[in-house]
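A short write-up of the structure that comes next.
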């Protein structure tokens with residue numbers, strides 16, 4: 001800060017010193033080999049990573065120069081020409097270590113002029129030997145895989161990112177009727193063989209694989225064979241690598257799930273029929289584990305007790321909270337018996353609906369046991385029998401009234417008979433006391 005309060009600007013020498021320090025830190029700590037060189041190949045400086053990579057000290061690298069540590073070939077000549085013309089170049093070249101062994105390296109080099117006007121070059125080298133070995137292994141495995149695809153027991157496809165189909169299995173052809181000749185373009189096959197929106201879904205997922213947005217996909221498709229037969233496929237795919245020409249490829253596999261889908265549809269229809277039957281009879285069906293007290297399902301409870309589906313909690317406690325307090329102890333005792341004894345059980349008790357109405361229900365439970373005789377599952381139905389109970393009570397009331405009427409009627413009919421009997425007895429006594437036999 002000057003006397004006038006203004007901020008002193010850094011001197012140019014300070015800026016240069018700061019830049020040099022940052023450069024030196026990057027130079028010393030880089031994981032890649034970094035060289036400061038002259039255009040003719042003389043090495044001026046080499047960082048620690050370069051010394052380790054080539055197995056030489058910095059002085060040995062300076063003495064060796066570019067001609068010793070780099071294998072002279074067409075790729076090197078092309079890279080030097082590119083750097084001379086454009087001021088920078090990037091290439092994959094072959095390098096030589098102190099012990100004479102070679103390795104593949106990715107090099108980036110540029111030309112610059114230093115502070116005193118001297119033209120210099122920089123060179124950054126990254127050892128890509130492991131990457132190249134991995135790519136070679138992938139290529140070898142890919143060739144073996146291509147040979148193995150043909151005899152795969154399920155439909156398998158090998159496709160590259162531009163849509164070209166390289167290989168399909170015999171099972172693919174047997175299942176769809178399409179040969180490799182019909183599938184040179186995967187997009188064309190998708191248009192022919194996949195129904196509706198499924199075609200766009202496949203394209204979107206494959207694009208995500210090739211772009212790296214998705215690691216793998218697993219989708220279900222409706223596929224049409226050459227003969228027009230419709231099948232359901234579970235299709236899985238992933239992109240494990242790239243080909244020698246740099247194109248990414250994917251491997252896709254399909255499983256025919258047509259029968260499974262048909263069975264699922266039939267099961268769904270059966271469940272729908274069951275739910276309609278439960279609704280018509282104002283019943284619910286339940287399943288639970290008596291050991292853990294876990295309720296697995298309560299189908300139909302929403303119309304039995306007038307609850308919304310999202311208001312129902314699958315728990316024994318939730319159900320017990322709706323049982324009439326006078327019936328709860330009986331129900332709990334009955335549950336313990338049901339949980340211990342395999343077989344069929346029936347119980348009648350009262351539960352409260354969402355509207356507050358008390359309903360009479362008949363709980364018909366079946367306890368299922370394992371080979372040891374232990375009850376492992378309880379299934380059953382709960383049916384609203386309120387109308388039946390009311391009818392039974394009405395019949396009982398009518399019977400009681402009828403019995404009362406019969407009693408009263410019987411009493412009223414017997415009273416005149418008793419009077420007649422009394423009069424007859426009186427007449428008999430009078431006649432017995434009379435002397436006149438005619439009067440008798």
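Read-outs throughout are calculated quantities, based only on the coordinates presented, and are distinct from any laboratory measurement. Quick caveat: nothing in here was measured; it's all calculated off a predicted structure. Positions of Cβ are backbone-derived with ideal geometry, glycine not excepted, and every protein chain shown enters the neighbour counts.
Numbers below:
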quantity: Extension reserve of the residue 400-residue 294 stretch, reckoned as 0.36 nm per residue once the Cα distance is removed; calculated: 33.6 nm
quantity: Relative exposure of 346, 170, judged by other C-beta atoms within 10 Å (fewest first); calculated: 346, 170
quantity: Förster radius 45 Å - calculated FRET efficiency between residue 77 and residue 216, Cβ distance, rounded to 0.05; calculated: 0.55
quantity: Förster radius 22 Å - calculated FRET efficiency between residue 303 and residue 366 (Cβ-Cβ, nearest 0.05); calculated: 0.45
quantity: Computed label-point distance, nm, for sites residue 321 and residue 269 using a 7 Å Cα→Cβ extension; calculated: 4.0
quantity: Whole-number percent relative contact order across the chain, with pairs defined as alpha carbons under 8 Å at least 6 apart; calculated: 7
quantity: Which label in (1) 140; (2) 201; (3) 447 gives the computed volume of the Cα convex hull per residue in Å³; calculated: (3)
quantity: FRET efficiency, 1/(1 + (r/R0)^6) with R0 45 Å, evaluated for residue 135 and residue 113 via beta carbons; calculated: 0.75
quantity: Full-extension gain in nm, residue 387 to residue 226, via 0.36 nm per residue minus C-alpha separation; calculated: 51.9 nm
quantity: Length-normalised contact order for the stretch 114-201 - Cα pairs under 8 Å, 6+ apart - percent; calculated: 17
quantity: Max mean-square fluctuation residue, GNM over the chain, Cα-Cα springs under 10 Å, options 269, 393, 244; calculated: 393
quantity: Relative contact order (percent, whole number), the stretch 133-262, Cα cutoff 8 Å, 6+ residue spacing; calculated: 23
quantity: For the chain, built as a Gaussian network whose Cα springs stay under 10 Å, the top-fluctuating residue of 251, 156, 382; calculated: 382
quantity: Cβ-based exposure ranking for 75, 350, in which fewest neighbours within 10 Å come first; calculated: 75, 350
quantity: Residues 307, 23, 349, 286 arranged by fewest to most Cβ contacts within 10 Å; calculated: 23, 307, 349, 286
quantity: Full-extension gain in nm, residue 62 to residue 354, via 0.36 nm per residue minus C-alpha separation; calculated: 96.1 nm
quantity: Acute angle (nearest 10 degrees) that the helix 325-340 long axis makes with the longest principal axis of the chain, alpha-carbon atoms; calculated: 70
quantity: Most fluctuating residue given options 39, 155, 240, as computed from a GNM of the chain linking Cα atoms under 10 Å; calculated: 39
